[in-house]
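Just below is one structure, and these are the notes that go with it.
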Amino acid sequence: MQRGELGAVYLTYDDGPHPENTTKILASLDRYDVKATFFMIGMNMEKHPDIVRSIVEQGHTLGYHSYRHKSLKKMALAEIRADLAHIRKLSQMFDYPITLYRPPFGDLSLKAFMYFLFSPWKIVMWTLDCRDSFDPPELVVCNISPGKISDGEVILLHDDYDHAEDVIEATLSEYHRKGITCKAL
């Protein structure tokens, strides 16, 4: 796991864009003047291009999270290359250079790792999983509370999580009170 630069924490969202939640998350981020990084699934980007454009226009960072959210451990090298070919088209579609990649489930096979090592893609993992896919919202907020994070933390969140808006509102309110800076990667 790699940390971001010191002096901030880094909020990262996987699996979107979600037709309702992502827009609500963007509104919360805007209220607190916070930038985040969104690792998006290619199919969802094609289904919801207006949301992707909003993310770009608001100054957030886009990353790629595969086309269909399939584990790289289950893919042959040719299939990985074909999946990554989608991002070229998406980059052109949104006029945004996408160079960050987060593997679905954090899964990397040795062949995928070697491929990425010699490619222009930068693999981005996380240092803290908020567990929003598993825990109730109150516990998720606790998991990423100021007392549980450290400088440079890269926090994994999901924008397809039903309570995503409640979690980010409560979290950003607390971070703001504690003087914690959030940045995009």
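The values are calculated or read from the model by the stated rules, or taken from the named source; none is laboratory data. The shown structure was predicted, so the numbers you read here are calculated from the model rather than taken from an experiment. In this analysis, Cβ positions are derived from the backbone assuming ideal geometry, glycine residues included, and neighbour counts consider all displayed protein chains.
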Legend entry - For G42: the one exception among (1) within 17 Å of the chain's Cα centre (by Cα); (2) free of Cβ contacts under 8 Å to residues at least 40 places away in the same chain; (3) surrounded by 15 or more Cβ atoms within 10 Å (Cβ to Cβ); (4) over 22 Å from Y10 (Cβ atoms): (2)
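Residue-wise test of (1) of a type in the set (K, R); (2) touching a helix residue (DSSP H, G or I) at 6+ places or on another chain (Cβ under 9 Å).
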{"residue": "L128", "(1), (2)": "no, yes"}
{"residue": "R131", "(1), (2)": "yes, yes"}
{"residue": "V141", "(1), (2)": "no, yes"}
{"residue": "I144", "(1), (2)": "no, yes"}
{"residue": "G152", "(1), (2)": "no, no"}
{"residue": "L157", "(1), (2)": "no, yes"}
{"residue": "E169", "(1), (2)": "no, yes"}
{"residue": "H176", "(1), (2)": "no, no"}
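Quick check on S133: is it surrounded by 14 or more Cβ atoms within 10 Å (Cβ to Cβ), in contact with a Pro (Cβ under 6 Å, 6 or more places away or on another chain) and among the small types (G, A, S)? Write out each step before concluding.
Working: surrounded by 14 or more Cβ atoms within 10 Å (Cβ to Cβ): yes; in contact with a Pro (Cβ under 6 Å, 6 or more places away or on another chain): no; among the small types (G, A, S): yes.
Judged against the criteria, S133 is not a match.
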Legend entry - Unmet criterion (only one of (1) in a loop (DSSP other than H, G, I, E, B); (2) among the charged types (D, E, K, R); (3) surrounded by 14 or more Cβ atoms within 10 Å (Cβ to Cβ)) for D83: (1)
Legend entry - Residue list for region 133-143, restricted to those being under 18 Å from the mean Cα position of the chain (by Cα) and either over 12 Å from A170 (Cβ atoms) or touching a residue at least 40 places away in the same chain (Cβ under 8 Å) (or both): S133, F134
Legend entry - Search result, residues across region 114-158 that are closer than 16 Å to P103 by Cα and of a type in the set (D, E): D129
Inset, instruction - Under 9 Å between Cβ atoms, at least 6 apart or on separate chains: pull out the pairs that start in region 16-29 with a residue that is closer than 10 Å to D159 by Cα and end on any residue that is part of a loop (DSSP other than H, G, I, E, B) and among the hydroxyl-bearing types (S, T, Y). - result: H18/Y161; N21/Y161
Inset, instruction - Report whether or not P103 is modelled with pLDDT of 90 or more, loosely packed, with under 15 Cβ neighbours inside 10 Å and closer than 20 Å to M43 by Cα. - result: no
Inset, instruction - Starting from region 51-63, keep only residues that are within 18 Å of P19 (Cβ to Cβ) and at pLDDT 95 or above, then list their pairs with residues that are of a type in the set (D, E) and in a helix (DSSP H, G or I) whose Cβ atoms are within a distance under 8 Å, requiring at least 6 positions of separation or different chains. - result: Q58/D30
